[in-house]
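Take a look at the structure below.
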Amino acid sequence: MNILVCVKQVVARDSVLRIDPDGKWILDDGLTFEMNEPDTYALEEALRLKEKHGGEVIAVTAGPERSASTVREALAKGADRGIHIEDERFAEADTFATAQALAAAIEKEPHDLILTGLQSDDSGFGQTGVVLAELLGLPHATIIMEIDASGNQLRCKRELEAGWYQNVTLPKPALLTIQSGINKVRYATLMGIKRARRKPFTRYTPDDLGIAVTARQRLQRLYQPQQTQQTEFLQGTSREISEQLVAKLRFEARVL
Amino acid sequence: MSVLVVTEQQDGHWHRMSLEAIAAGQEAARALECPFLVAVMGSNVSELAAEVAAKRVSEVVLLDDPCLEQYTADGFSQALRQAIDQLQPALVLFPHTYQVRDLAPKLAASLGKPFVSDAIGMRVENKRPVFVRQLFQGKLNGDVTMEDEGPHFASVQSGAYRADAVEDGASTAAIRSLDLSIDAAGIRATPQQPFREAKDAVDLGAAEIIVSVGRGIQDPDNIPQAEALARALGGELAASRPICDNGWLPLDRQIGSSGQTVSPNLYLALGISGAIQHVVGMKGAKTIVAVNKDPGAPIFEIADYGIVADLFEIVPALVEILEARE
Ligand SMILES: Cc1cc2nc3c(=O)[nH]c(=O)nc-3n(C[C@H](O)[C@H](O)[C@H](O)COP(=O)(O)OP(=O)(O)OC[C@H]3O[C@@H](n4cnc5c(N)ncnc54)[C@H](O)[C@@H]3O)c2cc1C
Ligand SMILES: Nc1ncnc2c1ncn2[C@@H]1O[C@H](COP(=O)(O)O)[C@@H](O)[C@H]1O
């Protein structure tokens, strides 16, 4: 079974973000980057399916130069090949442009299954996987918590709202977007990191793939959200803060 | 030109966010000075259409077909493609539900159009909508515009518009039943009936005090500290999704869109950033206290009392004071 897994490099969690002077995106310098968290679960699921059913796992990203390290991380964890569609504009591209690039690269590879995360931690569109499926003409299912690929069809467990689930079957090939918590992700071993260096790594430019990176939706301005609720911030030493809080909960909010 | 809201129902019951989307649509249609249409889709849902006809809407559009009995991305997008063909709306709005996450990107992409997901607000500039959405996990907001001509697609975040803001109509609106021809063979997925895992062991819905831990707790070995605080307050322990994903607490203690919804008197959030999927599960709490070392954490936007500090300093101090009080 040949599995393509889409991984995106995003700014590390808990980073202090600074908006660039033209207010269109954040400043990259001084930041560290990591694999988008839901994508680590998608990659893990791909590796497990391959271990069960054989075949190949290919990790694909569309991103600026720095995102090559995320593809390498996927190779170190066990992906067989890497594809990097490189262009600075992918750092802040809209979902359609990104999906077009991913689709163009994926069309060149035989594929039974395509996995993506369900949402990116930076842009948070929550839709690139579904758009990609539509561009490739494939059926899809989203927010997946379990995959059974043993038969001719894919049997998947979808998460619904408020603790409900639903099983759904799809013909192969198909695209699934993976919810975090579907599995326990592995770490890269030293051996894996060494091996990764010798694994095939394809680099494309948008030109190579014959695609244009044009936006259909545009981020005009990025800014700090305005505080709407009047939060009362408590200050002092930990002891003072705690005393104030207990007093306020008792006498002001009357919840203790 | 018109604004079309696509509502969501399940077995004849509204999804609670459908009304919020209608409120958003009424506001958008007023700002864009155009007619306002509401689509009701499913199988045998004319009663729901009649309910909507009492609201301030120009026309209710009924997409009723046996193929729409159960949601499938292929079936629903076929139906909506036909509706859009016939109605030519400039803007199509959805509530940002899990079903819409599955459907709207496909529908928009099939027309080569943009879909602005999970918007928290909208205004009109130069006769075109400008949407506000959250980026970087709610740490920053962005103003988003759409290129080309419509139809444009967008979904609105849970709680961004108020269901009780929906205005009633002066008279009952007309209901237009669309002729659909859905190709059942084009529906590739076979969905089964929704189900629940073993019934929730703990029902946090009744808890009056909840101490909830997020990723800021850092290590499963630190959970007992939060537990001690919950005990000192006489409350229950709960968590954000990553804590349950990691197996540090059982799934039935997860608060949020895919977990439980609670409205205790006191919700104390320890090291929780305040992502919308968490917030929808607890924003009904009477009093919200947030302890977070990042002053920019979105949880402070809904907190009554905010403590910008290391939770490992605050929690032991709180436990000490509470225990001394007895
Ligand atoms: C479809 C979907 C469904 C989802 N369903 C849910 C759901 O039901 N429930 C849910 O919770 N999430 C859900 N999520 C995930 C959600 O988007 C967030 O990723 C999640 O809520 C983040 O959890 P967190 O706040 O614990 O972690 P983070 O966002 O990583 O935040 C950790 C916080 O801890 C603070 N911190 C770190 N160390 C300390 C310290 N020592 N002292 C004080 N503060 C500290 C940091 O400043 C940070 O703000 C869902 C996501 C999607 C896409
Ligand atoms: N630039 C990208 N390169 C590779 N995969 C991506 C990229 N952008 C998004 N994805 C995939 O699409 C998923 C959803 O992203 P988004 O639509 O931005 O929320 C992510 O979890 C990734 O799996």
- Just for chain B, what percent of DSSP beta bridges are antiparallel, to the closest 5? 25 percent
- Query: So how do B:L107, B:L87 rank on accessible area, 1.4 Å probe, biggest first, that is with the largest at the start?
  - Reply: B:L87, B:L107
- Which of the GluC sites (Glu not before Pro) found in segment A:61-170 are in a DSSP loop and have at most 15 neighbouring Cβ atoms, other than their own, within 10 Å? A:E107
- Rounded to the nearest 500, what is chain B's calculated 222 nm mean residue ellipticity when only DSSP H runs of at least 4 contribute -39500 (n - 2.57) each, over all residues? -8000 deg cm²/dmol
- Task: Could you tell me the accessible area of A:T177 in Å² (1.4 Å probe, neighbours in place), rounded to the nearest ten?
- Result: 10 Å²
- Query: Based solely on its DSSP helices, what 222 nm [θ] is calculated for chain A when runs of n ≥ 4 H residues each add -39,500 (n - 2.57) and the sum is averaged over all residues, nearest 500 deg cm²/dmol?
  - Reply: -8000 deg cm²/dmol
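Given chain A, what percent of its DSSP beta bridges are antiparallel, to the nearest 5?
In chain A, approximately 35 percent of DSSP beta bridges are antiparallel ones.
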- Item | Folded to 0 to 90 degrees: helix B:98-110 orientation relative to chain B principal axis, Cα | 40 degrees
- Note on the structure: Averaged per residue, the 1.4 Å probe accessible area of chain B, protein heavy atoms only, in Å², is roughly 39 Å²
- Task: Over the Cα atoms of chain A, compute the convex hull volume and normalise it per residue, giving Å³.
- Result: 184 Å³
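Net charge near B:A184, counting Lys/Arg +1 and Asp/Glu -1 over other residues with Cβ under 14 Å of its Cβ? Please list the in-between numbers first.
Values: positive: B:R188; negative: B:D65, B:E69, B:D74, B:D183.
Local net charge: -3.
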- Message: With a 1.4 Å probe and all protein chains kept in place, how much accessible area does A:W164 have, in Å² rounded to the nearest 10?
- Response: 100 Å²
- How much accessible surface area, in Å² rounded to 10, belongs to the heavy atoms of A:R72 with a 1.4 Å probe? 130 Å²
- Task: Could you tell me the total accessible area buried at the B-A interface, probe 1.4 Å, in square angstrom to the nearest hundred?
- Result: 7200 Å²
- Query: Where does each of B:R253, B:R101, A:R13, A:R254 land when they are ordered by accessible area, with a 1.4 Å probe and the largest first?
  - Reply: A:R254, A:R13, B:R253, B:R101
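The values are calculated or read from the model by the stated rules, or taken from the named source; none is laboratory data. If you're wondering where the values come from, they're calculated on a predicted model, not measured in any experiment. Note that each Cβ is placed from the backbone with ideal geometry, even for glycine, and that neighbours are counted across all protein chains shown. Each accessible area value is taken on the protein alone, full model and side chains, heavy atoms only, with ligands, DNA and RNA left out. Shrake-Rupley method; radii C 1.70, N 1.55, O 1.52, S 1.80 Å.
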